[in-house]
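What follows is a single structure, written as structure tokens, with notes after it.
The values are calculated or read from the model by the stated rules, or taken from the named source; none is laboratory data. Just so it is clear, the structure is predicted and the values come from calculations on it, not from any experiment. Using ideal geometry, Cβ is built from the backbone for each residue, glycine included, and neighbour counts are taken over all protein chains shown. These accessible areas exclude ligands, DNA and RNA; they are computed on the full protein's heavy atoms, side chains included. Shrake-Rupley method; radii C 1.70, N 1.55, O 1.52, S 1.80 Å.
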Amino acid sequence: MATDLDYGAFIEKFILEPPPATSSPHGLPLNSLTFAVKDIFDVDGYVTGFGNPQWAMTHPAAKSTAPAVSALLKGGATCLGKTVMDEMAYCMYGENKHYGTPKNPCVPDRVPGGSSSGSAVAVAAELVDFSLGTDTGASVRVPASYCGIYGFRPSHGLVSTTGVIPMSQSFDTVGWFARDPMILNRVGRVLLELPDANPVKPSQIIIPEDCFRLLSVPIDRVTQVLIKSVEKLFGHHVMKHTTLGDYVMAKVPSLKPFMSDRNDSKEHNIPSLVALSSAMRLLQRYEVKNNHRKWVDMAEPDLGPGISERVRDALRTTDENIGFCHSMKSELREALTLLLGDFGVLAIPTVPAPPPKLQTEVTSLENNLVRSFSLLSIAGVSGFCQVCIPLGMYDNLPVSVSLLAKHGSDGFLLNLVEILHDTLNEQIEIAQKMSY
């Protein structure tokens, strides 16, 4: 059970040591590091709780450990326990009515983000060196942004999800958090089974100006930190600008059934990306129903506000337009691969707004959710890898930016973030002294 001493991050504490090393443990990539795992991963001998006490009471203890967790142990890291999460991984804010809301160390009166809330808080509060989460729609990237730490969503399908309770297999990924990009990279190389490789200079870094117009903070506070850092390291010719919404509209014809007839102001949303988000959430609901309807009907679980409504909506979902959703995934991946090329990077806001205050009415967050998922669905639907990079504070609230690279370019992206680190920190320090 969560306690104030650990910021409410842990639901269960235990110690899993690395297996005995056949050679010196000092040579292991994660030697002496500690980590925590979201309570969605199987650990042999422990019940996987899925954020809900009724789920825990109706499921037996795991008989094996998820390969992702085992890989980290074999890499030399020590696991310190399991972390609190949103019920059924079905929220992006991190408030759990049963186990409490992990306290955001960055801004204690704000939500920590979810659904991997405890994993993010454990890292931000320096309780562990890194942690494991999952990211289907947003569940690593949002809490990383809200807690002011690094978060990585890998290319879809590259890290094993065996031993992880499924939510929506079309989008489920195993992600991770760290306070610095060096550890983020080391963890990634273990999970992705990547050899050490020399960093590669990005061919281009694309700034989609329409996406940055969604920000509630001054645009320059985010873009200029990144642009100045990139230009210092790689030259100004690397920076490109585009309008992503128009590009997606032209290249992803399967979005048509999801386009709204409403004449919403483009200042507040990007129609093609709203449609992308709508399609993604439809497929997600459909797969949640297929995965969990039997248990929901049997257990009739007591679910928190917002989550209960989402689960009810999922159970009513039919297969109408599901074929378009799958076509859209292929079309978007092809379109963005063409846009970026082998070593291109797409920069976007991780989220459009800072973390909401604790216990904000769910209905008042709907506009924030729509705008957030317009951005979050880009990596979700394409299957591209995405990293959330903290950019310090603005108006005493955390700011971040995200970088995306094409499917399978995870090692390249992890190296790039490490290269950018020192220069970004210089620019963050300058930006925090300026008024916008």
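In table form, for the structure just shown:
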{"read-out": "So residue 105, is it touching a Pro at 6+ places or on another chain (Cβ under 9 Å) and either open to solvent by 60 Å² or more (accessible area, probe 1.4 Å) or farther than 18 Å from residue 172 by Cβ (or both)", "value": "yes"}
{"read-out": "So residue 384, is it in contact (Cβ under 8 Å) with a residue 60 or more places away in the chain, touching a Ser or Thr at 6+ places or on another chain (Cβ under 9 Å) and within 19 Å of residue 219 (Cα to Cα)", "value": "no"}
{"read-out": "Some residue of region 129-141 being out of contact with any His (no Cβ under 9 Å at 6 or more places or on another chain) and surrounded by fewer than 24 Cβ atoms within 10 Å (Cβ to Cβ)", "value": "yes"}
{"read-out": "Per-region count, region 117-143, residues in contact with a strand residue (DSSP E or B) (Cβ under 7 Å, 6 or more places away or on another chain), of a type in the set (S, T, N, Q) and touching a residue at least 60 places away in the same chain (Cβ under 8 Å)", "value": "3"}
{"read-out": "Any hit, region 270-277, residues being of a type in the set (Ser, Thr, Tyr), on the phi < 0 side of the Ramachandran plot and open to solvent by 20 Å² or more (accessible area, probe 1.4 Å)", "value": "no"}
{"read-out": "Residue that is of a type in the set (Ser, Thr, Tyr), part of a strand (DSSP E or B) and more than 21 Å from residue 226 (Cα to Cα), where the choices are 131, 155", "value": "131"}
{"read-out": "Qualifying residue in region 111-123 (condition: surrounded by fewer than 24 Cβ atoms within 10 Å (Cβ to Cβ) and either of a type outside the set (A, V, I, L, M, F, W, C) or not in a helix (DSSP H, G or I) (or both))", "value": "no"}
{"read-out": "Top-ranked residue of region 302-329 - restricted to ones that are open to solvent by less than 50 Å² (accessible area, probe 1.4 Å) and among the β-branched types (Val, Ile, Thr), ranked as nearest to residue 362 (Cα to Cα)", "value": "307"}
{"read-out": "Looking only at region 21-60, and only at residues there that are in contact with an Asp or Glu (Cβ under 8 Å, 6 or more places away or on another chain) and open to solvent by 30 Å² or more (accessible area, probe 1.4 Å), the one that is nearest to residue 75 (Cα to Cα)", "value": "34"}
{"read-out": "Matching entry among 369, 376 (being under 22 Å from residue 260 (Cβ atoms), under 15 Å from the mean Cα position of the chain (by Cα) and modelled with pLDDT under 95)", "value": "369"}
